[in-house]
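Below is one structure, written out as structure tokens; the observations come after it.
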Amino acid sequence: MFKPEISNKLKLWNSSVDGCEWIGVACDSKGFVVGLDLSEESISGGFDNASSLFSLQHLQKLNLAANNFNSVIPSGFNKLVMLSYLNLSYANFVGQIPIEISQLTRLVTLDISSVNSYITGQGLKLEKPNLQKFVQNLTSLRKLYLDGVSIKAQGQEWRNALLPLPNLQVLSMSYCDLSGPLDSSLTRLKNLSVIILDGNNFSSPVPQTFSNFKKLTTLSLASCGLTGKFPKTIFQIGTFSFIDLSFNYNLHGSIPEFLLGGSLQTLRIRNTSFSGAFPYSIGNMGHLSELDLSNCELNGTLPFSLSNLTKLRYMDLSSNSFTGQMPPFGMAKNLTRLNLSHNRLSGEISSSNHFEGLHNLVSVDLRDNFINGSIPSSLFALTLLLNIQLSLNQFSKFDKLINVSTSVLKTLDLSNNDLSGPFPMSIFKLHSLSVLDLSFNRLNGSLQLDELMELRDLSTLDLSYNNISVNIQGIVPNWIWRIQNLQSLNISHNMLTGFDGPLHNLTSNLISLDLHNNQLQGPIPVFSEFSSYLDYSMNKFDSVIPQDIGNYLSFTTFLSFSNNTLHGTIPRSLCNASNLQVLDISINSISGTIPSCLMLMTQTLVVLNLKMNNLIGTIPDVFPPYCVLRTLDLQKNNLDGQIPKSLVKCSALEVLNLANNIIIGTFPCLLKNISTIRVIVLRSNKFNGHIGCPNTSGTWQMLQIVDLAFNNFSGKLPGKFFTTWEAMRSDENQADLKVKRVQFEVLQFGQIYYHDSVTVTSKGQQMDLVKILTVFTSIDFSSNHFEGPIPYSIGNFKALYILNISNNRLSGKIPSSIGNLKQLESLDLSNNTLTGEIPVQLESLSFLSYLNLSFNHLVGKIPTGTQLQSFQSSSFEGNDGLYGPPLTEKPDGKRNDELLSCSTDWKFLSVELGFVFGLGIVIGPLMFWKQWRIRYWKLVDKILCWIFSRIHLEYVTHRGQTYIVLRWH
């Protein structure tokens, strides 16, 4: 069977015409069919040994390539004994290749290539018989193509199988499951001119003896797991026209000097470990049309001899470390694609020398360099140019754009430059533009968005981060939502204040809309139900969230209303957004309770952020099986009750932040088996009891931030439990870890991430971590009722940045193991009952910039000759017998933290009471003399402690200052 609408041959066959005249049929002088070409005819259904095809006894050439037989190869091919050419490639044959083909001893060309079985799930294989038995009789073969056929042969096996083919000129066996190593025995096939072995797993170097292939024109060894250093002498084979060594990540080498008159046309070495400079002699390769050296380790300057490559059509040198100026390419008139992105190129680009006359150029990518000066206007005059990507450079201005009426430009990315001055209105003359990105520049003046009406093919628009001077401001015109092809719009970080006209009944095709960080007011707009990404955060929207909004979010995966002044309750219709992965309604004035259905959504919902609202009630205990929630942030509300038990079903949870609520209960050991947890913040709630989870091992290996401050936890600090927090223990590869963040990828191909944030207390002040680095670690157990010694094992947290266990009842000595915390920047042990001397090991904490040991019972001299003397005296005050710089007084036995004492001296009780009742007499001095006020309130505190035995005095540090507060036991 075949499809007549696709066929170019069979549909023209006519029984009234001599068959020898049919297209695809060749006959000899006697009328016998000697050639049959039915390639690319979309023939389907297969055929068997009874097919009339096998009656063509004189057939010499048969081509059935590129059809869709979807069957095994019939064994009847052995009847076609005269065949010298057989092509069954990519015809969707499956199963074992029949041994009968090996009986066709006249074969000169055999092509049974197949789409690899890894892609289709089925394909051809050559296992029984194996390769050796299959080719042993085909001694006349000159061209052998078995690409994609599963052979699964070891190095020596497949190499020895080929050695009986002395006339072999073309060997193409890519993606055949061959294994290595490569060795010199292949060079015995001296007539080889083409070697294509891509996609096998040789895991070996390339033999030096490959340079003995004197007739070699093509060498393709891409994705072969090659190792070692590639022999330079192979490049010197004078007959070479094609070399591909790509995607051999552990293959080393350097670009050799090239002799004048070389025949090389294609050189691909991308994604290898080739290093060193680019030789000036590259200009000798006058026939070179494709040069791809991307993603290597090459450096130095680009030789200006590249301009001599007049036949060059494709050049990709991206992701290396090339420096200096970009060479001109004005003589490369055939150049279609130029990619020099992700290097360190600098200097200016001349409009006339670099691009003028390159009329075949389709794409230019110079992203992520240090190129400055003007954007050359000659680029916009090239009539075939589709893509210009110049982002992440230092361009400062536009050349005047002229003669752009014939431009077919589709993509213009000038983001992250230093462009300033008036907005270049001539851009709107580029009527074919589909993607326009001018974000992160310093464009000023006014921009009338009405001009965008000229760009009717626009699908992506990003004008964000142009708010340094007068910029995009005013209202967003209504017509912008009706641009037919507009799919992505980013106008964040500007001064937009509102919308033009009603926004209902819009026919927008927007998929991604980013309006964050403007001054937009009024009600929340509802857009197309096809929108996937919606960011309304950091504006001045002041309405309720529409009750039916969830009915318009069928395809939405990201929705943020964060940092507005929204009020009302959370609409239950949000639970109809079945594809939602990120929901952020934080920092508003939302009230009411959390709808239970939001927790049921966590089978798809990955991030739920409701922090800093006015929510009340309990956290719904209805988390479902297969919960995929990673972030639950409910801090700074008025929630009560306990941590829901069903939260244990969220086995991928990374961030749990319940700070500043009224939640009760004990330490959350119910979550002990969730190994992914990185952040636990329970600060300022009503938790109580001991911490730690006994009889467990391996709990929270990834934990990096834990904040239990301002609760009623008590008991000893469980040193054994801390040993399971592996992320705080390792200080290896810190430089590598600092580039990683706790984040969730929202749009995979758009590289849009949701970044988790957290507030920590560091150096006596609260600090917001907008993006949490996976290397950042912090422990805050302050303002609880912990007692006993500080565990010695805490010194194993070598990656710790912040340690705060102040305002507790800890006793004993400061463990010397704290000196092992080499990354520590902030240490607060104040307001405990620690004794003994300050360990000299603290001298080695070279990164320590905040230290507070005040109001303990420490004694002895502060270690001298270290940075400990650089801290203020307030870091050490209130300790018995502690002296030395920065303290100046020697110990006199007097306790400096007597303010904390709640004991009553009965001898003076009557005097104190009389003083209180005589308050009216001294009301004037209390108002005008600070010293009197201080003494008075000290007295009141003592009396309250005496009357109410459950009250105690406590020091609290805020913004670098220490205050006394009364707390109830």
*Which value results when the Cα radius of gyration for the range 111-174 is divided by 2.2 N^0.38 Å?*
1.09
_I'd like the distance between the alpha-carbon centres of the range 810-872 and the range 71-90, rounded to an integer number of Å._
84 Å
*Quick one: Cα centre-to-centre distance for the range 600-642 and the range 414-444, in angstrom?*
42 Å
_Going through the cross-link list Lys61/Lys152; Lys397/Lys540; Lys190/Lys232; Lys636/Lys720; Lys540/Lys649, which pairs have a Cα-Cα distance over 26 Å in this structure?_
Lys61/Lys152; Lys397/Lys540; Lys636/Lys720; Lys540/Lys649
*Starting from the Cα of His287, move 7 Å in the Cα-to-Cβ direction to define the label point; list residues of the range 245-275 whose amide nitrogen is under 16 Å from there.*
258-268
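Taking K and R as +1 and D and E as -1, what net charge do the other residues with C-beta under 13 Å from the C-beta of Leu309 add up to?
Numbers: positive: Lys311, Arg313, Lys333; negative: Glu290.
Residues near Leu309 contribute +2 overall.
Which of rounded, prolate, oblate describes the range 514-624, given a ≥ b ≥ c as roots of the alpha-carbon gyration tensor eigenvalues and a/c under 1.5 marking rounded, otherwise prolate only if a/b is larger than b/c?
Oblate, since a/c reaches 1.5 and b/c is not below a/b.
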*Using 0.36 nm per residue, how much length does the chain from Ser543 to Glu297 gain when fully extended, once their Cα-Cα distance is taken away?*
83.1 nm
*How high is the FRET efficiency from Glu726 to Thr666, r the C-beta distance, R0 30 Å, rounded to 0.05?*
0.80
*Say each of Thr888 and Asn372 gets a label point 7 Å from the Cα, pointing the same way as Cα to Cβ; how far apart are those two points in nm?*
5.2 nm
_Rounded accessible area per residue of the range 274-350, 1.4 Å, Å²_ = 36 Å²
*Could you list which residues have their amide H under 5 Å from that of Ile691, counting only those 5 or more apart in sequence or on another chain, with H placed in the peptide plane?*
Ser714
*asked:* Residue by residue through the range 680-686, what is 3J(HN,Hα) from phi via Karplus (6.51 cos²θ - 1.76 cosθ + 1.60, θ = phi - 60°)? Round to whole Hz and write x for glycine and proline.
replied: 10, 10, 10, 3, 6, 10, 10
*What is the distance, in nm, between label points placed 7 Å from the Cα along the Cα-to-Cβ direction at Tyr280 and at Asn579?*
5.8 nm
_Under the 0.36 nm per residue contour assumption, what length would be gained going from the current alpha-carbon distance of Asn8 and Asp28 to full extension?_
4.9 nm
*Full extension from Gln154 to Asn130: what is 0.36 nm times the residue separation minus their Cα-Cα distance, to one decimal in nm?*
7.5 nm
*Can you grab the distance from the C-alpha centre of the range 538-552 to the C-alpha centre of the range 676-718, Å, no decimals?*
37 Å
*Beta bridges per DSSP with both ends in the range 1-179, % antiparallel, nearest 5*: 15 percent
_Solvent-accessible area of Ser179, probe 1.4 Å, all protein chains present, reported in Å² to the nearest ten, please._
30 Å²
*So how do 673-680, 841-848, 138-145 stack up, highest first, on mean other-Cβ count within 10 Å?*
673-680, 138-145, 841-848
*Calculate the spin-label point distance for Ser44 paired with Ser849, positioning each point 7 Å from the Cα along the beta-carbon direction, and give it in nanometres.*
6.8 nm
*FRET E, pair Ser873, Val622, Förster distance 56 Å, beta-carbon r, rounded to 0.05*: 0.55
*Run the numbers on the range 305-451 and let me know its relative contact order in percent, using alpha-carbon pairs under 8 Å that are six or more apart.*
16 percent
_Net charge around Ser560, counting only other residues with Cβ within less than 13 Å of its Cβ (Lys, Arg = +1; Asp, Glu = -1)?_
-3
*Could you list which residues have their amide H under 5 Å from that of Ile371, counting only those 5 or more apart in sequence or on another chain, with H placed in the peptide plane?*
Gln394
*Kindly identify the range 253-380 as rounded, prolate or oblate by the Cα gyration tensor criterion: order the square roots of the eigenvalues as a ≥ b ≥ c, call it rounded if a/c is under 1.5, otherwise compare a/b with b/c, prolate if a/b is larger, else oblate.*
oblate
*Would you mind checking Lys30/Lys215; Lys30/Lys79; Lys30/Lys125; Lys716/Lys822 for any pair whose Cα atoms are more than 32 angstrom apart?*
Lys30/Lys215; Lys30/Lys125
*Which value, in Å² rounded to 10, gives the accessible area of Lys429 with a 1.4 Å probe and all protein chains present?*
120 Å²
*Under a Cβ-Cβ cut-off of 14 Å, what is the net charge of the residues other than Asp418 that fall near it, where Lys and Arg count +1 and Asp and Glu count -1?*
+1
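The values are calculated or read from the model by the stated rules, or taken from the named source; none is laboratory data. Fair warning: this is a prediction, and the values are worked out from it, not measured in the lab. Glycine also receives a Cβ, built like all others from the backbone with ideal geometry; neighbour counts cover every protein chain displayed. With ligands, DNA and RNA removed, areas are computed over all heavy atoms of the protein, side chains included. Shrake-Rupley method; radii C 1.70, N 1.55, O 1.52, S 1.80 Å.
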